[in-house]
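To start, the structure itself, in structure tokens.
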Amino acid sequence: MAVAGAIRPSTVGIAGGVFLEKVKPEYCAEGFEPVPDGNGGCIVCDHAATETRNAVAASCSEKGYTGDTVCATCGKVLLGGEDVPMADHVYSWIVEKEPSAVQSGLRVEVCERCGNRGVAVEIPATGASESEVPESSEPDTLTDPTPHPIEAPSPEPKRSSVAPLTGDANAAAFGLGCVLLAGVCLLAGKLAVLRRRMHYSQSSE
Ligand SMILES: [Zn+2]
Ligand SMILES: [Zn+2]
């Protein structure tokens, strides 16, 4: 019959398992250690499987954390993580207020992640240069409730200017092509003449 008391540490070697009592480290196999489970018992573990816990992604409003390397079996924190510096704002321009003929608008940098406002740039009024508008025609001071049949001239020079622009570009490209082609033809002609001359001089000798 085997006698438990006769077992010596060198012949044991506990390689894993959950125990209701504490286990002395010298009874554990090489690479294993007893980790208290908080209830008086322990887990004999070699921490072979690890996972990252408590990781926090850095944002532009809070710093992050790489996370702790924790044993997936017993939960012991094997390696602490590090802080990650705060990320930069990701700004994009937003037209907050469209400009009118008489009033300037506003363009603002707004962070896509947290909504932080960056630089604000004024957009000049669209029709200010055309006509000096008297104070009475300002919408704020208008007392006449009847709707105006004639609206302020909408500044739409984009469409009219875009169409001829592409035409010009095409014409320019065509012209350039012609010049290049002419150049190539000229070169080819000169080469032919040169060859003929060479041929002539060779045969005359
Ligand atoms: Zn473990
Ligand atoms: Zn942000």
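Those residues that are open to solvent by less than 50 Å² (accessible area, probe 1.4 Å), over 30 Å from residue 89 (Cβ atoms) and either aromatic (Phe, Trp, Tyr) or more than 10 Å from ligand 1 (Cβ to nearest atom) (or both), I need them from the stretch 35-58; list them, please.
Within the stretch 35-58, 40, 41, 42 meet the criteria.
Condition check: acidic (Asp, Glu), farther than 30 Å from residue 53 by Cα, modelled with pLDDT of 95 or more and open to solvent by 100 Å² or more (accessible area, probe 1.4 Å). Does residue 122 satisfy that? Can you show your working first?
Details: acidic (Asp, Glu): yes; farther than 30 Å from residue 53 by Cα: yes; modelled with pLDDT of 95 or more: yes; open to solvent by 100 Å² or more (accessible area, probe 1.4 Å): yes.
For residue 122, the condition - acidic (Asp, Glu), farther than 30 Å from residue 53 by Cα, modelled with pLDDT of 95 or more and open to solvent by 100 Å² or more (accessible area, probe 1.4 Å) - is met.
For the stretch 20-34: of the residues being part of a loop (DSSP other than H, G, I, E, B) and not aliphatic (A, V, I, L, M), which is surrounded by the most Cβ atoms within 10 Å (Cβ to Cβ)?
Step one: list which residues in the stretch 20-34 are part of a loop (DSSP other than H, G, I, E, B), which gives 20-24, 29-32.
So of that shortlist, the ones also not aliphatic (A, V, I, L, M) come out as 21-22, 24, 30-32.
On the way: 21: 8, 22: 12, 24: 10, 30: 7, 31: 10, 32: 21.
That would be 32.
Search the stretch 59-76 for residues being assigned to a loop (DSSP other than H, G, I, E, B) and small (Gly, Ala, Ser), and hand back the single one that is most open to solvent (accessible area, probe 1.4 Å). Break it down into steps so the answer makes sense when it comes.
Residues of the stretch 59-76 assigned to a loop (DSSP other than H, G, I, E, B): 59-63, 66-67, 72-76.
Still in the list and also small (Gly, Ala, Ser): 59, 61, 67, 72, 75.
Working: 59: 38, 61: 77, 67: 6, 72: 47, 75: 32 Å².
Per the criteria, the residue is 61.
The values are calculated or read from the model by the stated rules, or taken from the named source; none is laboratory data. Predicted model, so just to flag it, every value in this text is computed and none were measured. In this analysis, Cβ positions are derived from the backbone assuming ideal geometry, glycine residues included, and neighbour counts consider all displayed protein chains. Note: areas computed on protein heavy atoms with side chains; ligands, DNA, RNA excluded. Shrake-Rupley method; radii C 1.70, N 1.55, O 1.52, S 1.80 Å.
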